[in-house]
Amino acid sequence: MTELAGEAVPGRVSAIAARIRESEDIEEWRKLSVDVAPLMIAYWDVHPHSAMEMLEVFAHCLPVDLAHSLVRSVVLGWREKPKYDPDAGGTADHCYMSALILSENYDLAEHPWAERVLPHTLDKELNYERPMRDTDRKRALVHCIHAGGA
Amino acid sequence: MSSEPIGSAGKLWSAIVERAGLNLKLYDGQLLDELAESLGVPKDDFAGGLDREGVSVEELLASFLSLVEPYAGMLREILALFTRASARSSGENLRIRFDFDEARRNFELDLRNFRDWERSLEAVVGLVEVYRFGELDVYELRHIFVVPDLTYRIEHGRWVEFEPPDDGVRDWLAQDVHEAAGGLSPMPPPPSAASEELRALLRRVWGVLRPESDVLTADDVRTIVRGAYVLAQTDADLTRRLREFFVRIPLTEVETSILLDRLDEVLNLPAWKRREDLYSVWVGTRLIAALGAEARVHQVDGAISFSFRGSHLATLSVSPSANVHVWSELQTPLTTAKPMGKRKARIKPDYVLSGEPLMNPSASLLVVECKQYLQQGKRNFSNALVDYARGHPTATVLLVNYGPTTSTVVDRVAEIAPEVRDRTCVIGKFRPRHGLALDEFERLVREVMPSRESAAVPALSPLRREGEAQPATEGTLTLTWGASPQDLDIHGWLEDSKGRTGHVSYSNRICEIEGNRLELDADVTEGYGPETLRWATHGSAALVFAAHNFSGEQPIAGCGARVEVLIGSSKLELEAPNEDAGRWWQLFALDTISGTLSLRNVTTPSAPKEVEND
């Protein structure tokens, strides 16, 4: 845990995100996802707000199937934290929600937090295009939730 | 087995049955049930079914060996207990002795063989890496069974899962996943599918879902089972997604002949043939382990004994004057007019964790009964819980089962004996690598254990209150017993701060060294006692006390002999322990300056200190 604690975590997470963005090798993405999962879980203890932002970054730069595994693993790890609270990231709540939607992990969205955060998250996802891998599938996931009466 | 090529799973199964002498109607029936379930093949005409379903030799081997895996885990943990007990004994020859009633053959396992068997099992299990996924791989697999508008939809902002068409699967999914610690009842088989390739792929998925797998939560398993049943008939893309997934998961390429040789080796291990006993011993191992490293594992003549007649397995000192003991097969009266089960006047659960005095059912803290059923027997399990709870009126009564359990067992306890419901519980899927069940077990043991700070016998508390040591400069020890053995003797040893020593016994009744004095009042040789030893010290001295069975016509263990110790206003009472390890009953050691009393209360073949005059 010493290795994962403190200021080293944000830097290492950002470096891995950059490598995933630069690479086009799915096996490398898979390997880097495995490497970054424990770092992302530890990130919560450093700064939940930034951790949520980075979770969205990974949901963008990985295709849905890989993003699903990584986001699920990280979120379940966060939930084990004694002080876990979906509101702990403050205004980064929409990042957390976006990560759940785009990785097809919306079943992990906690209610009533989800009711509160979903409207402005959907507004962002429907109105502001951002570059991401596996875009069509992710757009379909956003529309599926939008159509589901959010 | 390896000399002849085996071309089909059906032939392999027939060979296994023949070579291992499997008795599928009795002892090995559960093995067949588990295999049939995991492979989705009907158990009637299992060999034929394997070939009809297109199960490969490798798949059958992998499934079979995954059933062996928990036993490798059990052996590993039993071996650790062995090693721990050996470290405190003279060497490598420690054995586990199983001493059954007349109906079953006794046998012994020795440490060296145990290590060999454990290695054999590990070697075999290690060959079946095919089912070992990383955590992210497993989530990726799970995700294959999550498809928008096919397995779920979003309704009013909430994630809603579709139910599969099969009634049995719906019932299985409807179980409360959080009930007890036992998890779900046996899984439905893989869904049928028109394509042979999809059937084979789904069997591989089911291999990951087996109870031995520890990478998926019960919720994940439900998602996959639900998704598989929904998608197998409707999603043409499922085969492709599964194919692509499994293509990158390396299938361990093991020469079938090597695997068969190893399998042959394992199936002929005594440990495999006695796996029912192994399970019960493993549960005992977990109980002792839950007490912590300070628990002392007892051995008699170089063996840890599991006897039908009752065995004292371990002791943990929780205070200077209080111990908890682990017993196997401890027999106590069942003081209820109408037992629920077949038990009669006495009950004998697999394990009892007891305080003192031993044999007093009211001192029992925890009763553990082991079952090795694939499917729970609601009536049988609840009857056992009720009888044991009534026979141990203050203990928590726990039933652990190899297979799953549900809350219906304790629900029935609540119906037939509501007064004991709060003291009864069940843990299903209690086996190695099942963290939830193992954690629950440890939690229960911790819960019933007396606090180590508050466990001191009040009468003795002045002897060892931290930071408040009181000199124990004067005291008496009185030994009383019954008609037999006729001649018991008190022995006392004294050592002063300069290392000068003395010994008092029937042959030397007074010992005095520089104002420190021990004196024995009598030598009773025809039963009953009493014999009283008094001491008075001036300055630092270490005293050690024991009783010796001089006449030896019956063991001192369990003879009912009692010792009463008075030190100032403190009083300690001991009763001869039931575990018979020799003619000496070691009582306690006392540091007169610090007032620290170190309780032994065990029988041993030799005296605690040199006996120079006897």
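A few points about this structure:
- Residue check, B:L39 modelled with pLDDT under 85 and either in the same structural domain as B:P188 (by TED's automatic domain parsing) or crowded, with 16+ Cβ neighbours inside 10 Å (or both): yes
- The residues of segment B:376-421 that are over 20 Å from the mean Cα position of the chain (by Cα) and outside any helix (DSSP H, G or I), listed by number, are B:G377, B:P393, B:T394, B:T406, B:S407, B:A417.
- Among residues of segment A:128-141 that are outside any loop (DSSP other than H, G, I, E, B), those with a beta-carbon under 7 Å from a residue that is of a type in the set (D, E, K, R) at least six positions away or on a different chain give the pairs A:L141/A:E104.
- From A:A51, A:A59, A:A37, residue being away from every other protein chain (no Cβ under 11 Å), part of a helix (DSSP H, G or I) and in contact with a Ser or Thr (Cβ under 8 Å, 6 or more places away or on another chain): A:A59
- Going through (1) at pLDDT 80 or above; (2) surrounded by fewer than 20 Cβ atoms within 10 Å (Cβ to Cβ) one by one, B:L399 falls short only on (2).
- A:E24 among the acidic types (D, E), assigned to a helix (DSSP H, G or I) and out of contact with any Phe, Trp or Tyr (no Cβ under 6 Å at 6 or more places or on another chain): no
- Against the criterion of being facing chain B (nearest Cβ under 10 Å) and touching a residue at least 12 places away in the same chain (Cβ under 8 Å), A:P119 qualifies.
- Strands (runs of 3 or more DSSP E) contained entirely in segment B:232-343, each with at least 3 residues that are at pLDDT 85 or above: B:311-319, B:322-328
- Qualifying residue in segment B:573-586 (condition: buried (at least 22 other Cβ atoms within 10 Å of the Cβ), assigned to a strand (DSSP E or B) and among the aliphatic types (A, V, I, L, M)): yes
- Scan of segment B:130-163 for residues that are assigned to a loop (DSSP other than H, G, I, E, B), more than 7 Å from chain A (Cβ to nearest Cβ), closer than 21 Å to B:R248 by Cα and modelled with pLDDT under 95, ordered by number: B:R132, B:F133
- In the set (1) out of contact with any Phe, Trp or Tyr (no Cβ under 9 Å at 6 or more places or on another chain); (2) within 13 Å of another protein chain (Cβ to nearest Cβ); (3) at pLDDT below 95, the condition left unmet by A:N127 is number (2).
- Boolean, B:V368 is assigned to a strand (DSSP E or B), outside the structural domain of B:L31 (by TED's automatic domain parsing), modelled with pLDDT of 80 or more and not basic (K, R): yes
The values are calculated or read from the model by the stated rules, or taken from the named source; none is laboratory data. Treat the numbers as computed from the prediction; the structure is a model and nothing was measured. No Cβ is skipped: glycine too gets one built from the backbone with ideal geometry, and neighbour counts run over all protein chains shown.
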